[in-house]
Amino acid sequence: MTNNHAAVTVIGLGAMGAKMAETFLAAGHPTTVWNRTPGRATHLIAAGASEAATAAEAVAASNLIVISQLDYAAMDDSLQGVDISGRVLVNLSSDSPDRLRQSSRRATERGATLITAGIMVPPPGIGQPGAYSFYSGPREALETHKPVLEALGRVDHVGTDPGLSMIYYQAMINLFCTTLVSYFYSAALLGAAGISAEQSRPYAAALLADLTDDGPMGFLKILAAEIDSGSYPGEENNLHMMAVGSEHIVQAFAQAGLDTTMPAALAALFARTDADGHGLEGFSSMIETIRKPAR
């Protein structure tokens, strides 16, 4: 059987794992599935999957084992006592970077190879244009199974350190979540003044477009260059001015009778950066404070 139609086992049939199994089946891969809680595989069996009775049976069915569970402890529990020697485990579950490193060492001790991964789309996006995942671990093992994994989306190998995939994943999820929560706060502030989310949406969209524009004036491009160079010019827009403005934002939320948790946290970060002597530097100098956690 060629790699283009190689067999794969999927362990974990929550929304993410079930969609992965569906996607492998649709791409022509013989797919074995197993879930700790029975009864999750009915629709997959109807689509052509084979349901294993035990985790050991599931692992024995394929050289490639794709895992999508709550965390890495779930993998350890599922595979306890199972012979995984010679198998390549690709775990797309969430956990801490150090936990991934520990699991990689344990897998090696048991004769298996662990490739860690973070998938950057929700279940409906799996296998769709634009879908991708961060992978880290042994490149050779990943390359061997890349044709199968590409059914899920683009395969981005970010390094051999098993923790790197989760660092990339969590960095992007942090950006995603904090951006959206910031939007919720802004929508609430405007809503308190009788302005609908739809009325303000074009302004939010234009601001996000300015942030991500790849031209010479794109904010992210400018800030990334400043961070990498360690130079934070503030002649035109210094951090002290932003620190003062951030306090005004907190006051606006308080006066509107809204929660101030996120605006207050941002104002505190600005204040610490200002107190650390970066007041006359630019906005990006805040990264120096982030690199030195508050004691």
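Nothing in this text is a laboratory measurement; each read-out follows from the coordinates by a stated rule. Computed from a predicted structure; not experimentally measured. Note: ideal-geometry Cβ built from the backbone for every residue, glycine included; neighbour counts use all protein chains shown.
Stretched out straight at 0.36 nm per residue, the stretch from L180 to A204 would grow longer than its current Cα-Cα span by 7.6 nm. Over the residues of the chain, the helix contribution to mean residue ellipticity at 222 nm works out to -15500 deg cm²/dmol, using -39500 (n - 2.57) for each DSSP H run of at least 4. Here's how it looks for H157: its modeled amide H is under 5 Å from those of Y135, which are all 5 or more places away or on a different chain. Dipole orientation for the chain: of the candidates I115, A55, G163, A55 has the Cα lying most toward the positive pole (charges on Cβ; Lys, Arg +1; Asp, Glu -1). Long hydrophobic helices in the chain: the complete DSSP H runs spanning 30 Å or more by Cα along their own axis with mean Kyte-Doolittle hydropathy of at least 0.5 are 164-192.
Net charge dipole, the range 168-290: roughly 420 debye, given to the nearest 20, about the Cα centre with Cβ charges of +1 for Lys and Arg and -1 for Asp and Glu.
What shape does the chain have by the C-alpha gyration tensor, where a ≥ b ≥ c are the square roots of the eigenvalues, rounded means a/c under 1.5, and otherwise prolate means a/b greater than b/c and oblate the rest? In terms of gyration-tensor shape, prolate. Taking 0.36 nm per residue of separation and subtracting the Cα-Cα distance, full extension of the segment from A264 to A47 would add 73.0 nm. Modelled spin labels at R110 and M172, positioned 7 Å past Cα toward Cβ, are 2.8 nm from each other.
Determine the shape class of the range 175-295: with a ≥ b ≥ c the square roots of the Cα gyration tensor eigenvalues, call it rounded for a/c under 1.5, and otherwise prolate if a/b is greater than b/c, oblate otherwise. The shape class here is oblate. With an a/c value under 1.5 for the gyration tensor axes a ≥ b ≥ c computed over the alpha-carbon atoms, the range 3-161 is described as rounded. Taking 0.36 nm per residue of separation and subtracting the current Cα-Cα distance, fully stretching the chain between I287 and I195 would add 29.8 nm.
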